[in-house]
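S.K.: Below is one structure. I have some questions about it.
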Amino acid sequence: MIICSFCKSSEGIVKSGFRNNKFSKKQRYQCNLCNHLFVRDDGFWKMKHSPEIVAEALSCKKRGMPYEEISKHFHEYNKADISAVTVFNWVKKYGDMFDSFSKKQIPKLSGKINADEFVFKAKKK
(Lines give C-alpha, C1' and ligand atoms only; values in the text may rest on other atoms or scores of the structure.)
Protein backbone atom coordinates (compact mmCIF):
# COMPACT_ATOMS: atom_id res chain seq x y z
CA MET A 1 0.00 0.00 0.00
CA ILE A 2 1.33 3.41 -0.95
CA ILE A 3 0.88 6.27 1.51
CA CYS A 4 1.27 9.95 0.66
CA SER A 5 4.29 11.35 2.48
CA PHE A 6 2.56 14.74 2.90
CA CYS A 7 -1.04 14.07 4.02
CA LYS A 8 -0.49 10.42 5.13
CA SER A 9 -3.51 9.25 3.12
CA SER A 10 -3.63 6.04 1.11
CA GLU A 11 -6.64 7.03 -1.00
CA GLY A 12 -6.44 8.83 -4.31
CA ILE A 13 -2.85 7.86 -5.12
CA VAL A 14 -2.07 7.57 -8.86
CA LYS A 15 1.12 6.93 -10.80
CA SER A 16 2.60 10.05 -12.33
CA GLY A 17 5.66 9.19 -14.39
CA PHE A 18 9.18 8.53 -13.21
CA ARG A 19 11.94 10.38 -11.39
CA ASN A 20 15.37 9.84 -12.91
CA ASN A 21 18.72 10.42 -11.30
CA LYS A 22 22.27 9.32 -12.03
CA PHE A 23 21.83 5.74 -10.79
CA SER A 24 18.17 4.79 -10.86
CA LYS A 25 14.70 5.36 -12.18
CA LYS A 26 11.93 5.47 -9.56
CA GLN A 27 8.16 5.53 -9.89
CA ARG A 28 6.62 8.89 -9.01
CA TYR A 29 3.13 9.17 -7.52
CA GLN A 30 0.58 11.96 -7.16
CA CYS A 31 -1.89 12.32 -4.32
CA ASN A 32 -5.24 13.58 -5.60
CA LEU A 33 -6.25 14.77 -2.12
CA CYS A 34 -3.35 17.19 -1.55
CA ASN A 35 -1.99 17.40 -5.16
CA HIS A 36 1.59 16.64 -4.11
CA LEU A 37 4.03 14.58 -6.14
CA PHE A 38 6.18 12.14 -4.19
CA VAL A 39 8.44 9.12 -4.53
CA ARG A 40 7.94 6.09 -2.31
CA ASP A 41 10.60 5.83 0.42
CA ASP A 42 12.60 2.62 -0.09
CA GLY A 43 14.98 3.14 2.85
CA PHE A 44 17.55 5.04 0.78
CA TRP A 45 15.84 8.42 0.83
CA LYS A 46 17.89 11.19 -0.84
CA MET A 47 20.90 8.94 -1.40
CA LYS A 48 23.17 9.85 -4.30
CA HIS A 49 24.51 6.32 -4.80
CA SER A 50 22.60 3.14 -5.55
CA PRO A 51 21.61 0.71 -2.78
CA GLU A 52 23.98 -1.88 -4.25
CA ILE A 53 26.99 0.40 -3.71
CA VAL A 54 25.92 1.21 -0.15
CA ALA A 55 25.45 -2.49 0.60
CA GLU A 56 28.85 -3.36 -0.88
CA ALA A 57 30.53 -0.66 1.22
CA LEU A 58 28.86 -2.01 4.37
CA SER A 59 29.91 -5.51 3.43
CA CYS A 60 33.53 -4.41 2.96
CA LYS A 61 33.47 -2.74 6.38
CA LYS A 62 32.02 -5.87 7.98
CA ARG A 63 34.89 -7.89 6.48
CA GLY A 64 37.31 -5.59 8.33
CA MET A 65 38.48 -3.14 5.66
CA PRO A 66 39.36 0.38 6.87
CA TYR A 67 37.36 3.32 5.50
CA GLU A 68 40.22 4.54 3.30
CA GLU A 69 40.65 1.09 1.75
CA ILE A 70 36.94 0.91 0.95
CA SER A 71 37.17 4.28 -0.78
CA LYS A 72 40.20 3.10 -2.78
CA HIS A 73 38.35 -0.12 -3.67
CA PHE A 74 35.55 1.85 -5.33
CA HIS A 75 38.01 4.16 -7.11
CA GLU A 76 40.03 1.22 -8.48
CA TYR A 77 37.05 -0.52 -10.01
CA ASN A 78 35.39 2.72 -11.21
CA LYS A 79 32.21 1.87 -9.37
CA ALA A 80 31.77 5.18 -7.58
CA ASP A 81 33.63 8.25 -6.43
CA ILE A 82 33.07 8.08 -2.68
CA SER A 83 35.19 9.29 0.18
CA ALA A 84 36.06 7.57 3.43
CA VAL A 85 33.81 10.00 5.31
CA THR A 86 30.86 8.98 3.14
CA VAL A 87 31.45 5.32 3.97
CA PHE A 88 31.71 6.23 7.67
CA ASN A 89 28.35 8.04 7.49
CA TRP A 90 26.75 5.03 5.75
CA VAL A 91 28.05 2.72 8.48
CA LYS A 92 26.58 5.04 11.13
CA LYS A 93 23.24 5.25 9.32
CA TYR A 94 22.75 1.67 8.09
CA GLY A 95 25.20 -0.35 10.19
CA ASP A 96 22.77 -1.47 12.91
CA MET A 97 20.11 -2.41 10.36
CA PHE A 98 22.66 -4.34 8.29
CA ASP A 99 24.00 -6.11 11.39
CA SER A 100 20.55 -7.21 12.59
CA PHE A 101 19.70 -8.45 9.08
CA SER A 102 22.89 -10.50 8.80
CA LYS A 103 22.31 -12.09 12.23
CA LYS A 104 18.91 -13.33 11.06
CA GLN A 105 20.47 -15.18 8.13
CA ILE A 106 20.82 -18.82 9.12
CA PRO A 107 22.83 -21.04 6.76
CA LYS A 108 21.22 -24.27 5.56
CA LEU A 109 23.64 -27.13 6.00
CA SER A 110 23.50 -30.42 4.14
CA GLY A 111 25.16 -32.53 6.82
CA LYS A 112 28.75 -32.17 5.62
CA ILE A 113 30.93 -29.24 6.59
CA ASN A 114 34.28 -28.68 4.89
CA ALA A 115 36.86 -26.81 6.93
CA ASP A 116 40.29 -26.27 5.35
CA GLU A 117 41.64 -29.78 4.63
CA PHE A 118 39.39 -31.59 7.09
CA VAL A 119 36.05 -33.19 6.22
CA PHE A 120 33.75 -34.40 8.95
CA LYS A 121 30.08 -35.38 9.17
CA ALA A 122 27.64 -33.66 11.48
CA LYS A 123 24.73 -35.70 12.86
CA LYS A 124 21.29 -34.26 13.40
CA LYS A 125 21.51 -34.33 17.19
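S.K.: Of the numbered conditions (1) assigned to a helix (DSSP H, G or I); (2) at pLDDT below 85, ALA55 satisfies every one except a single condition; which is it?
M.R.: Against the list (1) assigned to a helix (DSSP H, G or I); (2) at pLDDT below 85, ALA55 comes up short only on (2).
S.K.: Moving on to the next point. Here are some residues: ASN78, ASN89. Which one is surrounded by fewer than 14 Cβ atoms within 10 Å (Cβ to Cβ), at positive phi and not basic (Lys, Arg)?
M.R.: ASN78
S.K.: Considering (1) modelled with pLDDT of 75 or more; (2) under 30 Å from ARG19 (Cβ atoms); (3) open to solvent by 60 Å² or more (accessible area, probe 1.4 Å), say which one PHE101 fails and leave the rest.
M.R.: Tallying (1) modelled with pLDDT of 75 or more; (2) under 30 Å from ARG19 (Cβ atoms); (3) open to solvent by 60 Å² or more (accessible area, probe 1.4 Å), PHE101 fails exactly one: (1).
S.K.: Look at the range 19-35 and say how many of its residues are touching a strand residue (DSSP E or B) at 6+ places or on another chain (Cβ under 7 Å) and outside any strand (DSSP E or B).
M.R.: 1
S.K.: Pairs please, first residue from the range 92-106 and in a helix (DSSP H, G or I), second anywhere and surrounded by 11 or more Cβ atoms within 10 Å (Cβ to Cβ), Cβ atoms under 7 Å, 6+ apart in sequence or on different chains.
M.R.: TYR94/VAL54; TYR94/LEU58; GLY95/LEU58; PHE98/LEU58
S.K.: Applying the selection to the range 62-73, what residues are surrounded by 13 or more Cβ atoms within 10 Å (Cβ to Cβ) and modelled with pLDDT under 90?
M.R.: The answer is LYS62, and nothing else.
The values are calculated or read from the model by the stated rules, or taken from the named source; none is laboratory data. What you are looking at is a predicted structure, and each value in this text was computed from that prediction instead of being measured. Note that we place each Cβ from the backbone using ideal geometry, even for glycine, and neighbour counts take in every protein chain shown. For the accessible areas, the whole protein counts, side chains as well, though only heavy atoms, and no ligand, DNA or RNA atoms are used. Shrake-Rupley method; radii C 1.70, N 1.55, O 1.52, S 1.80 Å.
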